[in-house]
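Input: a single structure, listed below in C-alpha coordinates.
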Amino acid sequence: PVAQRSMGKVHAMTTQEFDAFVNDTVKLYGDGAEWTEKLYAGLGLGGEAGEVQELLKKSYRARTGADRAEVAMECGDVLWYLSRVLRLHGLTIEDAMIAVRYKINARKLHGKQPELERAEVYHLLGDR
(Lines give C-alpha, C1' and ligand atoms only; values in the text may rest on other atoms or scores of the structure.)
Protein backbone atom coordinates (compact mmCIF):
# COMPACT_ATOMS: atom_id res chain seq x y z
CA PRO A 1 0.00 0.00 0.00
CA VAL A 2 0.99 3.59 -0.60
CA ALA A 3 1.75 5.61 2.54
CA GLN A 4 0.23 9.04 3.05
CA ARG A 5 1.35 11.46 5.77
CA SER A 6 -1.46 13.47 7.21
CA MET A 7 -1.15 15.59 10.33
CA GLY A 8 2.15 13.90 11.21
CA LYS A 9 0.82 10.34 10.88
CA VAL A 10 1.45 7.88 8.06
CA HIS A 11 -1.36 5.66 6.85
CA ALA A 12 -1.72 3.30 3.91
CA MET A 13 -3.34 4.46 0.70
CA THR A 14 -5.01 2.03 -1.68
CA THR A 15 -4.75 2.37 -5.44
CA GLN A 16 -8.37 3.58 -5.46
CA GLU A 17 -7.55 6.28 -2.90
CA PHE A 18 -4.53 7.32 -4.95
CA ASP A 19 -6.64 7.51 -8.13
CA ALA A 20 -9.14 9.70 -6.24
CA PHE A 21 -6.27 11.90 -4.97
CA VAL A 22 -5.02 12.37 -8.54
CA ASN A 23 -8.51 13.23 -9.74
CA ASP A 24 -8.90 15.76 -6.91
CA THR A 25 -5.56 17.44 -7.66
CA VAL A 26 -5.71 17.54 -11.47
CA LYS A 27 -5.96 20.90 -13.19
CA LEU A 28 -7.31 21.15 -16.71
CA TYR A 29 -4.93 22.67 -19.24
CA GLY A 30 -5.62 24.26 -22.56
CA ASP A 31 -9.16 24.08 -23.80
CA GLY A 32 -10.13 21.05 -21.70
CA ALA A 33 -10.63 18.91 -24.80
CA GLU A 34 -10.06 15.19 -24.28
CA TRP A 35 -7.15 15.04 -26.73
CA THR A 36 -5.48 18.00 -24.99
CA GLU A 37 -5.76 16.30 -21.62
CA LYS A 38 -4.41 13.01 -22.99
CA LEU A 39 -1.50 14.79 -24.67
CA TYR A 40 -0.63 16.78 -21.54
CA ALA A 41 -0.81 13.68 -19.32
CA GLY A 42 1.28 11.60 -21.73
CA LEU A 43 3.94 14.29 -22.04
CA GLY A 44 3.95 14.74 -18.27
CA LEU A 45 4.47 11.01 -17.77
CA GLY A 46 7.42 11.01 -20.15
CA GLY A 47 8.92 14.09 -18.54
CA GLU A 48 8.68 12.69 -15.04
CA ALA A 49 10.13 9.34 -16.14
CA GLY A 50 13.02 11.34 -17.59
CA GLU A 51 13.55 12.99 -14.21
CA VAL A 52 13.83 9.55 -12.60
CA GLN A 53 16.39 8.57 -15.24
CA GLU A 54 18.35 11.77 -14.62
CA LEU A 55 18.38 11.18 -10.87
CA LEU A 56 19.66 7.63 -11.32
CA LYS A 57 22.21 8.69 -13.95
CA LYS A 58 23.67 11.32 -11.64
CA SER A 59 23.89 8.89 -8.73
CA TYR A 60 25.60 6.33 -10.98
CA ARG A 61 28.08 8.91 -12.30
CA ALA A 62 28.89 10.07 -8.76
CA ARG A 63 29.14 6.43 -7.61
CA THR A 64 26.68 7.14 -4.83
CA GLY A 65 23.30 5.66 -4.17
CA ALA A 66 20.33 7.73 -5.19
CA ASP A 67 18.62 9.51 -2.32
CA ARG A 68 15.62 7.37 -1.32
CA ALA A 69 13.37 10.37 -0.65
CA GLU A 70 14.17 11.84 -4.09
CA VAL A 71 13.55 8.48 -5.78
CA ALA A 72 10.22 8.17 -3.94
CA MET A 73 9.13 11.69 -4.87
CA GLU A 74 10.14 11.42 -8.54
CA CYS A 75 8.58 7.97 -8.91
CA GLY A 76 5.49 9.38 -7.18
CA ASP A 77 5.28 12.02 -9.91
CA VAL A 78 5.48 9.23 -12.51
CA LEU A 79 2.72 7.37 -10.68
CA TRP A 80 0.57 10.52 -10.57
CA TYR A 81 0.79 11.00 -14.33
CA LEU A 82 0.37 7.26 -14.95
CA SER A 83 -2.86 7.31 -12.95
CA ARG A 84 -4.02 10.31 -14.99
CA VAL A 85 -3.20 8.67 -18.34
CA LEU A 86 -5.03 5.52 -17.29
CA ARG A 87 -8.12 7.41 -16.08
CA LEU A 88 -8.30 9.37 -19.33
CA HIS A 89 -8.48 6.03 -21.13
CA GLY A 90 -11.14 4.61 -18.79
CA LEU A 91 -8.65 2.48 -16.84
CA THR A 92 -7.23 2.26 -13.33
CA ILE A 93 -3.84 1.37 -11.90
CA GLU A 94 -5.33 -2.00 -10.98
CA ASP A 95 -6.33 -2.57 -14.61
CA ALA A 96 -2.74 -1.93 -15.69
CA MET A 97 -1.49 -4.31 -12.99
CA ILE A 98 -3.87 -7.04 -14.21
CA ALA A 99 -2.82 -6.50 -17.84
CA VAL A 100 0.93 -6.60 -17.22
CA ARG A 101 0.70 -9.62 -14.94
CA TYR A 102 -1.23 -11.53 -17.59
CA LYS A 103 1.14 -10.42 -20.38
CA ILE A 104 4.31 -11.40 -18.51
CA ASN A 105 2.94 -14.75 -17.37
CA ALA A 106 1.65 -15.56 -20.89
CA ARG A 107 5.03 -14.73 -22.41
CA LYS A 108 6.78 -17.01 -19.93
CA LEU A 109 4.55 -19.87 -21.06
CA HIS A 110 4.00 -19.21 -24.77
CA GLY A 111 6.44 -16.52 -25.92
CA LYS A 112 5.41 -13.16 -27.32
CA GLN A 113 1.98 -13.20 -29.04
CA PRO A 114 0.68 -9.60 -29.02
CA GLU A 115 -2.67 -10.22 -30.71
CA LEU A 116 -3.61 -13.06 -28.36
CA GLU A 117 -2.37 -11.10 -25.35
CA ARG A 118 -4.46 -8.08 -26.33
CA ALA A 119 -7.57 -10.20 -26.82
CA GLU A 120 -7.15 -11.87 -23.43
CA VAL A 121 -6.55 -8.54 -21.66
CA TYR A 122 -9.78 -7.18 -23.21
CA HIS A 123 -11.50 -10.24 -21.79
CA LEU A 124 -9.90 -9.83 -18.33
CA LEU A 125 -10.83 -6.16 -18.09
CA GLY A 126 -14.39 -6.78 -19.21
CA ASP A 127 -16.64 -3.75 -19.03
CA ARG A 128 -14.58 -1.91 -16.44
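The values are calculated or read from the model by the stated rules, or taken from the named source; none is laboratory data. Everything numeric in this text was worked out from a predicted model, so none of it was measured. Side chains included, ligands, DNA and RNA excluded: accessible areas come from the protein's heavy atoms. Shrake-Rupley method; radii C 1.70, N 1.55, O 1.52, S 1.80 Å.
Some values worked out for this structure:
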{"read-out": "Nearby lysines by direct alpha-carbon distance to Lys112 (threshold 27 angstrom, same-chain neighbours under 8 apart not counted)", "value": "Lys103"}
{"read-out": "Value of [θ]222 nm, deg cm²/dmol, for the chain, DSSP H segments ≥ 4, -39500 (n - 2.57) each, nearest 500", "value": "-24000 deg cm²/dmol"}
{"read-out": "Long-range HN-HN contacts of Met13 with modeled amide H, under 5 Å", "value": "Val2, Ala3, Gln4"}
{"read-out": "Cα-based equivalent ellipsoid, the chain: semi-axes from gyration tensor eigenvalues, Å", "value": "27, 22, 17"}
{"read-out": "Relative contact order [Cα under 8 Å, 6+ residues apart], the chain, whole percent", "value": "20"}
{"read-out": "For the stretch 73-82, 3J(HN,Hα) per residue [Karplus equation, 6.51 cos²θ - 1.76 cosθ + 1.60, θ = phi - 60°, Hz, x = Gly/Pro]", "value": "5, 5, 5, x, 4, 4, 4, 4, 5, 4"}
{"read-out": "Gap separating the Cα centres of the stretch 87-128 and the stretch 44-70, nearest whole Å", "value": "29"}
{"read-out": "Heavy-atom accessible area per residue - the chain, 1.4 Å, Å²", "value": "73"}
